[in-house]
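*Asks:* Before we start, here is the structure in question, set down as structure tokens.
The values are calculated or read from the model by the stated rules, or taken from the named source; none is laboratory data. As the structure is a prediction and not an experimental result, all values here were calculated from the model. When we count neighbours, we look across all protein chains shown, and the Cβ atoms used for this are built from the backbone with ideal geometry, even at glycine. Note: areas computed on protein heavy atoms with side chains; ligands, DNA, RNA excluded. Shrake-Rupley method; radii C 1.70, N 1.55, O 1.52, S 1.80 Å.
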Amino acid sequence: MAKSEGSRARAPQSDWRSAMALVAAIAALSSACGARSGLNENAFGAGANGGTGVGEGSAATSGNGAAAGVGAGVGAGAGVSAGGAASMGSGGFGATSAFGGSAGSSHSGGAAGTSGVSGAGGRACGLLIDDMEDGTGRICTGSGRIGAWYEYNDGFGVQLPPQTPGLPLLPLAIPVNTGRAGRAMFSSHHYPNPGGPQAPQSWGAGIGVDLAYDGKNYGTYDASGMSGISFWVRSDIYKYYEVRINTTDTTPMRYGGSCPRDYCGRFARGLRFKSQWTQEVVSYRDIVGVSDTGELIDFHPERLTNIQFFFVIYPTDSYDGQIWLDDLRFTPGPPPPH
């Protein structure tokens with residue numbers, strides 16, 4: 001989950017515009033959706049103290065996608081069950097929003113999970129989405145939000161640490177002498193053969209978090225009373241990355257959105273990593289919405305589905321990438337008009 005604040009480095013506008021153009025070109029060439037988290041029937045056991053635990057489960061996939069389950073604590077002692085699967089074709093911007101062209105085939109289901117560990121019940125989370133300190137990989141459950149972290153990639157590289165099927169992506173201890181302490185979300189990605197025959201189908205990797213997914217049903221979160229998000233971030237690979245705040249307009253129908261295809265566009269803000277921990281603030285005003293046909297689209301914060309950090313965008317920068325992410329929060333309103 002996450003922590004505090006500092007300088008707000010922003011990518012020069014020229015870098016942002018040129019990178020967006022490159023990503024748009026990649027999106028036009030890509031096909032299919034990328035690997036995403038998948039929840040399995042009975043993968044969530046009843047947790048202690050009125051929470052919902054997370055158990056192990058596995059989902060079968062076809063194509064290059066890897067399935068991984070997520071869960072979150074809710075209510076008073078009731079377990080949550082869910083079914084789902086990851087699917088992966090040959091490219092696109094995957095994960096919960098499943099950016100890309102036509103989808104690869106998938107096989108839903110999976111083995112039943114074991115009883116889970118105890119989870120936190122609903123509570124007043126305020127602006128906090130996740131500060132990573134409970135180590136569960138689940139966001140602060142309450143204030144209308146429920147969800148967990150996942151990783152996604154195009155299937156042609158190696159993303160570490162690997163996400164355990166049936167469980168959320170877990171935060172790691174922050175290395176000493178880096179300017180912060182506690183836990184943070186971490187992910188790295190490497191292409192062993194970046195110039196190989198798979199290059200035309202490669203698009204990158206990232207991590208993301210659902211805002212309204214209880215392990216069974218995808219929903220939306222109304223963030224219209226907020227003005228944006230903030231988070232702490234650093235990387236040892238100083239490159240361009242994108243923050244994507246997705247709505248139903250850019251999310252496929254099977255993941256709770258209204259998009260009838262696998263890719264209808266994106267709402268993104270481009271930034272550059274720094275070696276030191278830096279707090280970034282992404283206002284709704286900063287987000288550029290572009291449809292799959294290249295037209296500008298309106299952002300509707302009352303219909304949020306997930307937040308993603310797309311830290312390897314092949315091949316707009318370097319082939320490899322890394323992200324440390326902490327203290328993800330909403331920023332208080334009032335939001336700007338559409």
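*Asks:* Being in contact with a helix residue (DSSP H, G or I) (Cβ under 8 Å, 6 or more places away or on another chain), open to solvent by less than 20 Å² (accessible area, probe 1.4 Å) and either at pLDDT 90 or above or not small (Gly, Ala, Ser) (or both) is the requirement here; does Arg272 meet it?
*Replies:* Criteria not met by Arg272.
*Asks:* Among the residues of the range 280-298, are any of a type in the set (Ser, Thr, Tyr) and at pLDDT 95 or above?
*Replies:* yes
*Asks:* Please list, ordered by residue number, the strands (runs of 3 or more DSSP E) wholly in the range 140-190 having 1 or more residues that are under 20 Å from Ser275 (Cβ atoms).
*Replies:* Qualifying strands (runs of 3 or more DSSP E): 158-160, 183-190.
*Asks:* Can Gly204 be described as over 15 Å from the mean Cα position of the chain (by Cα), crowded, with 20+ Cβ neighbours inside 10 Å and on the phi > 0 side of the Ramachandran plot?
*Replies:* When the stated conditions are applied, Gly204 does not pass them.
*Asks:* Also, I was wondering about something else. Filter the range 291-306 down to residues that are in contact with a Phe, Trp or Tyr (Cβ under 9 Å, 6 or more places away or on another chain) and open to solvent by less than 20 Å² (accessible area, probe 1.4 Å), then give me how many there are.
*Replies:* Going through the range 291-306 one residue at a time, the tally reaches 4.
*Asks:* Read through the list (1) under 26 Å from Glu133 (Cβ atoms); (2) of a type outside the set (S, T, N, Q); (3) at pLDDT 95 or above; (4) out of contact with any Leu (no Cβ under 7 Å at 6 or more places or on another chain), then give the number of the only condition that Tyr221 fails.
*Replies:* Every listed condition holds for Tyr221 apart from (4).
*Asks:* Say whether the condition of being open to solvent by less than 10 Å² (accessible area, probe 1.4 Å), under 18 Å from the mean Cα position of the chain (by Cα), within 22 Å of Asp210 (Cα to Cα) and among the basic types (Lys, Arg) is met by at least one residue in the range 258-267.
*Replies:* yes
*Asks:* Additional query: Does Arg244 fit the bill of being of a type in the set (D, E, K, R), open to solvent by 10 Å² or more (accessible area, probe 1.4 Å), under 30 Å from Gly196 (Cα atoms) and touching a strand residue (DSSP E or B) at 6+ places or on another chain (Cβ under 6 Å)?
*Replies:* no
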